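Structure record follows, encoded as structure tokens.
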Amino acid sequence: MWYDIKSSFWFIPLLMIFSSFIFSLFTLFIDQVLYKEELFQSYEYTQNILKYFVFVGADGARSVLTTVSGSMITVAGVTFSITIVSLTMAASQFGSRLLVNFMQDKSTQFVLGTFVSTYVYCLLVLRSVHSDYENLFVPTFSVNCAVLLAFFNVGVLVFFIHHISISIKAECVIDSVYKQLKLDIDRMFIDGDHEKSDDDSIKQTDFNSPELAEEYPAKSAMYSPKTGYLQAIDYDKLMELSVEKDLVVQLETKAGDYFVPGFPVATIRSKSRIQGEFVTGLSDVFLCGHQRTGEQDTESGIHQLVEIAVRSLSPGINDPFTAISCIDCLSSVFTILAQKRPPAAWHHDDEGCLRVLAKPVEYSMLLEAAFNQIRQNSKTSVAVTIRLMDAYHRIAFSLKDVANKAALRRHVEMLLAAGACNIDCEHDMQDLKRRYDDCIDLLDIT
């Protein structure tokens, strides 16, 4: 729900509208205080305060507030139109799945909220203007605040035009996706120099081991009643239920997988056979949606970079420079991943008993998600193929784990084979082969 709220155009503007309501009450209160001369030492003291404001009569106040409110709602409509046009252009160039990145842009949400909240503020102040002699009230301070807000909104409009013009540039879109992916990695993965986790001492405990089978003889399968992409798993609730019912749960799926009804999602071990209602209720720990998110799914951000690269390599666009930028970002991502450990797959309760075995995040799977489609779609671009081998070389510098080196070496071999089939120029092939030899030297695991 919070992810959907952050991706909406209504949440921040709604908060700003509420803030404009509070602000209007504050400014009108100031006006009421300034109109009560008995609160000050003398009439001259009041005049010294009020001289800093632009004085208008009741008709003038109505005119100012009407002008500001009308212009702000007009500009807000234009701003919405420009935003929709930019979203349409982004969807056609980068893919509709990246629209969520544009919709999460706080700057655009703030600009929309600024214009709408100023409009609401002017309406709230306008209703307090009274021109009859017995009940004369002109909120001078509030009207001056409306004028200041109008000047501020002019600056916001200039900022918005500048921001929207650069936000649809390929480099800015790629950098935005890369920064969000880096944040997700820092949040989910563990720094390599941290102390060893409990995983290292419990890896010998297999879910089907005789010891675990003897302690928990009953075995049940859990199937998904839902349809959609698995966006997140509530591990806290799963651990709580496992401890309460004395269970050991092995997850057969991970964030990013697609669920269909009857899809096996977990295997449960217990001391006695558990009720089917409980197994069905356990499905609440799995959050499904119509799209993948980066909450627990690292591949989601990687797929966004891959989509930009693949679309840029299509015959209709044919933009290898954008693909090269995506490859450079992916090489940086995997250099960062090489220095971190994946999230713990073994989860224990407070007493150290194994409760949940999650599906591990493997470096080799992330490599396949990142580079398979780019390699397959770069057959007609020698520059992209060579840059991809350069990216492998940069990643190889950071790898220390033997399994990760073997996984990357497989991709290096596949890229060389693809180049041999698709590159006709002998000199280009020599460049690729030279980079291949450099990679193999770094990935030598003998």
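The values are calculated or read from the model by the stated rules, or taken from the named source; none is laboratory data. Quick caveat: nothing in here was measured; it's all calculated off a predicted structure. Neighbour counts run over all protein chains shown; Cβ positions are idealised from the backbone, glycine included. SASA here: full protein model, heavy atoms, side chains in, ligands and nucleic acids out. Shrake-Rupley method; radii C 1.70, N 1.55, O 1.52, S 1.80 Å.
The table below gives the values:
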{"item": "Whole-percent carbon and sulfur share, accessible surface of the chain, 1.4 Å", "result": "58 percent"}
{"item": "Rounded accessible area per residue of the chain, 1.4 Å, Å²", "result": "52 Å²"}
{"item": "Label point distance in nm, S96-Q376, each placed 7 Å from Cα along Cα→Cβ", "result": "2.2 nm"}
{"item": "Reported label for calculated percent of Cα pairs over 33 Å apart given (1) 56; (2) 34; (3) 52", "result": "(1)"}
{"item": "Contour minus Cα-Cα distance for D246 and T335 (0.36 nm per residue)", "result": "28.0 nm"}
{"item": "Structure-based [θ]222 nm, the chain - -39500 (n - 2.57) summed over DSSP H runs of at least 4, per residue, nearest 500", "result": "-20500 deg cm²/dmol"}
{"item": "Kyte-Doolittle at least 1.0, axis length at least 20 Å by Cα - qualifying DSSP helices, the chain", "result": "11-35, 58-94, 106-126, 140-167, 320-338"}
{"item": "Added length on full extension, which subtracts the Cα-Cα distance from 0.36 nm per residue, F151 to H130", "result": "5.0 nm"}
{"item": "Spin-label model distance (nm) - K106 vs Y258, 7 Å beyond Cα toward Cβ", "result": "3.5 nm"}
{"item": "Two-site FRET efficiency, E426 against D349, from Cβ-Cβ distance with R₀ of 60 Å, rounded to 0.05", "result": "0.45"}
{"item": "At R0 = 51 Å, FRET efficiency that the Cβ-Cβ distance of A417 and H162 yields, to 0.05", "result": "0.60"}
{"item": "Sparse-neighbour loop sites [GluC sites (Glu not before Pro); the range 338-389; at most 14 other C-beta within 10 Å; DSSP]", "result": "E351, E362"}
